Amino acid sequence: MLVIRPIEERDLNDLYVMAQGAGKGLTSLPANRELLQKKIQRARDTFHQRSAPEAGMYLFALEDTGLDRCVGISGIEARVGLEEVFYNYRLSNTVNASRELGVHVRTPTLHLTNDMTDTSEICSLLLSDTHRKGGNGLLLSRCRFMYLDDFRSHFSEKVFAEMRGMSDQDGRSPLWDALGRRFFDMDFSEADYLSGVGNKSFIAELMPKFPIYLPLLPDNARAVIGRVHDNTAPALRMLRSEGFNFNGLVDIFDGGPVVEAFVHNIRTVRESISRYVLISRKPIDLDVPADQRVMITNRSFRDFRVTTLPVGCIASDTVSVPPEVAEVLRVSSGDKVRLAPLKDGGYSPIQASGH
């Protein structure tokens with residue numbers, strides 16, 4: 001069985017192996033054991049409320065209970081830019097005109113900005129190659145929206161995701177080679193790694209503060225601005241289906257797009273319902289297609305748990321939960337849980353229960 005839970009210290013080795021296999025460009029989870037250990041500890045402090053809410057980092061592990069190991073991770077950064085300045089480029093137009101000469105020119109321009117400061121970020125999505133099937137990626141990503149809504153006071157009304165931009169197999173970014181490298185004198189992979197391990201002061205010290213006129217950049221650099229890496233395309237499609245839209249910002253390293261949504265407008269939030277647990281002694285076939293399953297969460301802040309159930313388990317006031325599922329969720333009969341669709345175009349919990 002697969003279950004979402006808060007990350008634990010014992011997940012370090014599994015996380016390190018996944019980070020090693022992720023390749024270059026995954027800034028928030030570099031393959032650095034010491035850094036990953038610090039991230040896990042910070043997440044543990046957040047769940048146990050040993051840190052200020054605005055400084056929170058929530059990391060969720062996807063555990064395969066049959067293998068007794070972590071096979072995926074996803075996260076929420078409660079607020080960005082409060083300790084380290086958070087940078088993006090805003091893509092806009094600079095207009096120059098002369099009535100006498102009959103000239104009116106619009107020039108695409110990048111402006112350095114800190115617009116996302118104090119906004120919540122969904123981040124650190126990583127799934128083991130062995131489990132990229134059956135809706136596991138959807139569960140790992142969408143569980144965060146249920147947590148955001150249940151504990152809104154800890155997060156901003158708007159949430160964003162900074163998508164991984166284009167780079168080749170050797171970790172070279174066309175945008176970085178044309179722009180960043182000229183000011184930083186280092187490879188993209190090195191700059192991205194330094195940012196990921198927290199050494200971000202060099203960005204403020206070396207990044208040009210003036211607008212960047214895109215026609216001055218080579219064609220291959222302009223072509224990747226606002227585009228995502230091939231491996232990130234499925235995640236972007238999922239976020240768009242949830243109501244996230246491009247907000248005009250891009251990553252300063254590789255040009256990947258930033259997408260955002262208000263929590264109350266996210267599809268998973270809008271289509272979720274609450275029900276009371278009814279422990280079922282009747283056999284329930286849990287092995288159904290992803291479009292016939294729903295996510296179910298115990299709504300706990302400290303011990304957040306999510307797994308899936310067949311949509312047919314939902315009644316008007318209750319949801320039938322097999323004992324083994326109740327055990328991994330740590331719920332009992334009478335507890336109030338929350339349910340939401342797992343897959344786009346699948347069965348809605350609201351439709352299934354007739355409400």
**OP:** Return a whole-number percent for the relative contact order of the chain, with Cα pairs under 8 Å and 6 or more residues apart as the contact set.
**Re:** 17
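Starting from the Kirkwood radius over alpha-carbon pairs of the chain, derive D by Stokes-Einstein at 10 °C in a medium of 1.306 mPa s and give it in µm² s⁻¹.
The calculation lands on 74 µm²/s.
If you average 1/r over all unlike Cα pairs in segment 127-263 and invert the result, what Kirkwood radius do you get in angstrom?
One over the average 1/r among Cα pairs gives 16.7 Å for segment 127-263.
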Subject >> Fluctuation leader among Ser120, Ser98, Ser128 - the chain, Gaussian network, Cα springs under 10 angstrom >> reply: Ser98
**OP:** When a/c is below 1.5 the answer is rounded, else prolate if a/b is larger than b/c, else oblate, so apply that to segment 220-355 with a ≥ b ≥ c taken from the square roots of the Cα gyration tensor eigenvalues.
**Re:** prolate
Subject >> For segment 226-286: span of alpha carbons on each principal axis (Å, largest first) >> reply: 54, 26, 16
Original post:
Against the longest alpha carbon principal axis of the chain, how many degrees, from 0 to 90 and to the nearest 10, is the axis of helix 136-150 turned?
Top reply: 90
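FYI, it's all coordinate maths here, none of it is from the lab. Just so we're clear, the structure is a prediction, and the values are computed from it rather than from any experiment.
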